[in-house]
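Heads up, the thing below is written out as C-alpha cells.
The values are calculated or read from the model by the stated rules, or taken from the named source; none is laboratory data. Quick caveat, the model's predicted, so the values are computed rather than measured. A quick note on method: Cβ atoms are made from the backbone with ideal geometry, for glycine too, and the neighbour counts reach across all protein chains shown.
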C-alpha cells in the first residue's frame with residue numbers, strides 16, 4: 001500500500017466532506033430559486049419585488065458557494081495527499097474542479113483497507129437483481145443502498161465522459177448495442193470510473209484508459 005492511499009488526517013477529510021456537502025445543499029437551493037426566478041419572469045402576475053428578491057437570493061447563494069469552494073481548495077492545498085489525489089482526479093476526462101471536490105470529499109473518509117468491490121457497494125452502484133416468485137428474474141438495477149452523495153458525484157463525470165471521451169464513448173455505445181438501457185450503460189461507466197479512481201489512489205498513477213478499457217479499439 002502506497003503513500004497515496006494512506007496519510008490523510010481524519011480532521012481534514014471530515015472537514016472537507018462537511019464543507020462540500022454544505023455546498024451541495026446550497027447548490028440545490030440555488031437551482032430551486034433559479035427555477036422560481038425563471039417562472040416568475042414568465043408570469044405577469046408575479047410582483048416585481050418578488051422577482052428582485054429572488055435575484056438577490058440567487059446572487060447571494062452563488063457568492064456563498066464560490067467562497068466555500070475557495071475554502072475547499074485552500075484545505076486541499078494544505079494537505080499534501082489531498083492535493084495529490086485532487087490532481088489525480090482532474091486527470092480523468094469528464095472530471096473538473098467541482099466533481100473532483102465532490103469525489104475527494106466522499107472518498108477521503110473511507111477506511112484504507114476497503115477493496116474496490118466495497119467501494120462500489122458503498123456507492124450503491126453495485127447491481128441488484130429482482131426475482132418474481134422462484135423463476136422470473138427481472139432486469140438488474142443499482143442497489144441505491146449506498147452513499148447518494150458519491151453516486152451524484154459520479155453521475156456528471158460519467159455522463160460527460162460517455163459523450164466526449166472516445167474510449168468511454170466506445171464502451172458506452174457497445175453496451176447500448178447489447179440492448180442495455182441508457183441508464184444501465186451510464187451506471188456501468190460510473191462503476192468503471194470508480195474502479196479507475198481506486199487504482200489511481202492506491203498507486204499514485206494518473207488516468208490510463210488502456211487499463212480501464214483494455215478491449216476497446218477505436219476505428
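Residues that are in contact with a helix residue (DSSP H, G or I) (Cβ under 6 Å, 6 or more places away or on another chain), more than 23 Å from residue 196 (Cα to Cα) and in contact (Cβ under 8 Å) with a residue 24 or more places away in the chain occur at least once in the range 72-85.
Does residue 28 satisfy the criteria of being surrounded by 12 or more Cβ atoms within 10 Å (Cβ to Cβ) and either at pLDDT 95 or above or under 18 Å from the mean Cα position of the chain (by Cα) (or both)? In short, no. Of all positions in the range 94-110, at least one carries a residue that is within 23 Å of residue 208 (Cβ to Cβ), at pLDDT 95 or above, exposed (fewer than 15 other Cβ atoms within 10 Å of the Cβ) and touching a helix residue (DSSP H, G or I) at 6+ places or on another chain (Cβ under 8 Å). The set of residues in the range 112-121 that are within 22 Å of residue 12 (Cβ to Cβ), assigned to a loop (DSSP other than H, G, I, E, B) and touching a helix residue (DSSP H, G or I) at 6+ places or on another chain (Cβ under 9 Å) comprises 112, 114. Determine if the range 62-72 includes at least one residue that is surrounded by 14 or more Cβ atoms within 10 Å (Cβ to Cβ) and closer than 30 Å to residue 212 by Cβ. For the range 62-72, residues surrounded by 14 or more Cβ atoms within 10 Å (Cβ to Cβ) and closer than 30 Å to residue 212 by Cβ: present. Restricted to helices (runs of 4 or more DSSP H) entirely inside the range 146-219, those with at least 3 residues that are buried (at least 17 other Cβ atoms within 10 Å of the Cβ) are 148-164, 166-177, 182-203.
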